[in-house]
Amino acid sequence: MLHEGKIWVGSGVNGPVYLLPSMANRHGLIAGATGTGKTVTLKVLAESFSDLGVSVFLSDIKSDLSGMVRPGTMNESLEKRLKRCGVLEEDGSGTFDFKSYPTVFWDVYGEQGLPIRTTVRGMGPMLLSRMLGLNETQTGVMNIAFRVANDYNFRLDDIMDLKCLIAYVGEHAKDYTINYGNVSVASIGAIQRSVAMLEDQGGDVFFSNRKLDISKWIARDEHNKGYINILAADRLFNNPLMYSTFLLWMLTELYNYLPERGDAAAPLIVFFFDEAHLMFDDCSKALMDKIEQIVRLIRSKGVGVYFITQNPTDIPMDILGQLGNRVQHALRAYTPLDQKAVKVAAQTFRTNPSFDTEEAITTLKTGEALMSFLDEHGAPNVVERATVLPPQSHMGPISAEDRNRAIENSPMWRFLDR
Ligand SMILES: Nc1ncnc2c1ncn2[C@@H]1O[C@H](COP(=O)(O)OP(=O)(O)OP(=O)(O)O)[C@@H](O)[C@H]1O
Ligand SMILES: [Mg+2]
């Protein structure tokens, strides 16, 4: 929750542990084994960002984030937690506001939220190739196809346009091989099969000439709260390549659109990417370099990126090194491999002489975490063991009816390109 302009994430033996809004664009990591409290922690952060007027994007894989449209309610265990955190006094005095947040639901398939669309051209050849699972040679052909489309000014909006383009390039393969590079019949066939597969899996709905301008997500409601954009990702997640490419597309879009901003009191928007390890699976070297570059540069455009994953080792080192704000929930240490992962996770923190980081990681309770955020100079603070605050909005999901009502009441006009 917001306290004296800072984000109060949890409390340890030395009192509150804060994330500084001015350092929130230095990215972050929320890690931990399943069921240890990662989603609740991200809710606590997202709520405070919204209170600060910062927009938020969340990918919701387990459908457990929709409760943000409703205020939370007190119960015995929350009261205990609030006392442990020093928000409430032992006699129950003090205040903790339960409140709802301005939430907009999105869904690539348009079923559980407003649809998100882009054009094939807007996705670009590199991300499209990854979404289609193309190999290096086939990606080369896709690059050529995009060059042809640009040179001849072909329309490249929906999946039909893409199919026509690939067929056209295939028919004229000989000409293009001379001018652009090798276009083999085998590669054309493989691309066509991948496009058909994407269509079968419903992936074609994402491409349309009615492109969503996601920079419009950077907006506040009438009470000056940042909008919380929740992407229903349960169905999308069944296709991990599409899910993760989609997240990368959003980052790329914002990166391309937003101007340089430099350091500021708070970010413009913060992204939380759940199951973040998927973003880096099956990435070509060129794409990995691109992601690393975007993550490094996007912070000066006012965008914070928070990765949520089980273990810090799931994130490539070049990117992990850029995540300044860290929350580590419990990890299991059953096997030698687990133990090694715990060691690596512990080494990412600046040690606190009062406890053993490695041991603490394996003994944290649910909703407890090791935290280290950047200080006002951008240096990581010593790690603290802390109890995470509860969220101010409703903890669980809401009913389908409540969700539909929230979708119908969305300020659509603000977001959709009509
Ligand atoms: N800060 C907290 N305040 C109150 N309850 C909490 C807190 N953190 C965790 N819990 C409790 O623990 C449960 C599990 O937490 P959560 O869903 O955040 O785990 P997770 O790490 O996201 O799990 P998964 O990997 O399965 O998604 C919550 O439903 C809630 O009951
Ligand atoms: Mg979770």
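Can you tell which of 43, 62 is surrounded by fewer than 24 Cβ atoms within 10 Å (Cβ to Cβ) and of a type outside the set (Ser, Thr, Tyr)?
That would be 62, the only listed residue that is surrounded by fewer than 24 Cβ atoms within 10 Å (Cβ to Cβ) and of a type outside the set (Ser, Thr, Tyr).
For (1) in contact (Cβ under 8 Å) with a residue 40 or more places away in the chain; (2) in a strand (DSSP E or B); (3) in contact with a helix residue (DSSP H, G or I) (Cβ under 9 Å, 6 or more places away or on another chain); (4) basic (Lys, Arg), each residue gets a yes or a no:
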position: 154; (1), (2), (3), (4): no, no, yes, no
position: 178; (1), (2), (3), (4): no, no, no, no
position: 187; (1), (2), (3), (4): yes, no, yes, no
position: 196; (1), (2), (3), (4): no, no, yes, no
Practice prompt. Assess whether residue 168 counts as being surrounded by 13 or more Cβ atoms within 10 Å (Cβ to Cβ), without any contact (Cβ under 8 Å) to a residue 24 or more places away in the chain and hydroxyl-bearing (Ser, Thr, Tyr).
Written response: yes
Item to complete: Determine which member of the set 17, 13, 9, 56 is modelled with pLDDT of 95 or more, within 12 Å of ligand 1 (Cβ to nearest atom) and of a type in the set (Val, Ile, Thr).
Response: 9
Fill in: Residue in region 348-367 that is at pLDDT 95 or above, away from ligand 2 (no atom under 16 Å from the Cβ) and aliphatic (A, V, I, L, M) present
yes
Discussion item. Could you check region 13-34 and list, in sequence order, the residues that are among the small types (Gly, Ala, Ser) and more than 16 Å from residue 48 (Cβ to Cβ)?
Written reply: 15, 31, 32, 33
Worksheet entry | Residue in region 383-394 that is surrounded by 13 or more Cβ atoms within 10 Å (Cβ to Cβ), among the acidic types (Asp, Glu) and farther than 23 Å from residue 80 by Cα present | no
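Could you please give the count of residues in region 233-288 that are assigned to a loop (DSSP other than H, G, I, E, B) and either more than 16 Å from ligand 1 (Cβ to nearest atom) or of a type in the set (A, V, I, L, M) (or both)?
The total comes to 18.
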Worksheet item: What single numbered condition from (1) modelled with pLDDT under 95; (2) crowded, with 16+ Cβ neighbours inside 10 Å fails to hold for residue 92?
Response: (2)
Worksheet, complete the sentence: Residues in region 303-338 that are in a helix (DSSP H, G or I) and surrounded by 13 or more Cβ atoms within 10 Å (Cβ to Cβ) total 7
Item to complete: Filter region 403-418 for residues that are over 24 Å from the mean Cα position of the chain (by Cα) and either at pLDDT 85 or above or among the polar types (S, T, N, Q) (or both) and give the result.
Response: 409
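If a residue counts only when it is within 16 Å of ligand 2 (Cβ to nearest atom), which strands (runs of 3 or more DSSP E) contained entirely in region 1-69 have at least 2 such residues?
28-31, 55-60
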Response to the item:
Pairing a residue in region 1-27 that is farther than 14 Å from residue 372 by Cα with any residue that is surrounded by fewer than 17 Cβ atoms within 10 Å (Cβ to Cβ), where Cβ atoms lie under 6 Å and the two sit 6 or more apart in sequence or on different chains, gives 22/265
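Conditions tested, residue by residue: (1) touching a strand residue (DSSP E or B) at 6+ places or on another chain (Cβ under 6 Å); (2) touching a residue at least 40 places away in the same chain (Cβ under 8 Å); (3) away from ligand 2 (no atom under 16 Å from the Cβ); (4) charged (D, E, K, R).
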residue: 277; (1), (2), (3), (4): yes, no, no, no
residue: 292; (1), (2), (3), (4): no, no, yes, yes
residue: 331; (1), (2), (3), (4): no, yes, no, no
residue: 343; (1), (2), (3), (4): no, no, yes, yes
Worksheet item: Which ones in region 387-405 are outside any loop (DSSP other than H, G, I, E, B) and touching an Asp or Glu at 6+ places or on another chain (Cβ under 9 Å)?
Response: 387, 388, 393
Worksheet item: Here are some residues: 87, 69, 40, 44. Which one is touching a strand residue (DSSP E or B) at 6+ places or on another chain (Cβ under 7 Å), of a type in the set (Val, Ile, Thr), in the same structural domain as residue 366 (by TED's automatic domain parsing) and over 21 Å from residue 309 (Cα atoms)?
Response: 69
Worksheet item: Exactly one of (1) within 28 Å of residue 409 (Cβ to Cβ); (2) surrounded by 13 or more Cβ atoms within 10 Å (Cβ to Cβ) is unmet by residue 257. Its number?
Response: (2)
Discussion item. Being crowded, with 18+ Cβ neighbours inside 10 Å and modelled with pLDDT under 95: is that true of residue 241 here?
Written reply: no
Worksheet item: So which residues in region 301-314 are away from ligand 1 (no atom under 12 Å from the Cβ) and modelled with pLDDT of 95 or more?
Response: 301, 302, 303, 304, 305, 306, 307
Discussion item. Tell me whether region 339-349 contains one or more residues that are crowded, with 22+ Cβ neighbours inside 10 Å and basic (Lys, Arg).
Written reply: no
Worksheet item: From the list 105, 98, 146, 154, which residue is within 30 Å of residue 401 (Cβ to Cβ) and modelled with pLDDT of 95 or more?
Response: 98
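The values are calculated or read from the model by the stated rules, or taken from the named source; none is laboratory data. Here the structure is a predicted model, which is why all the values come from computation and not from measurement. Glycine gets a Cβ as well: all are built from the backbone with ideal geometry, and neighbour counts include every protein chain shown.
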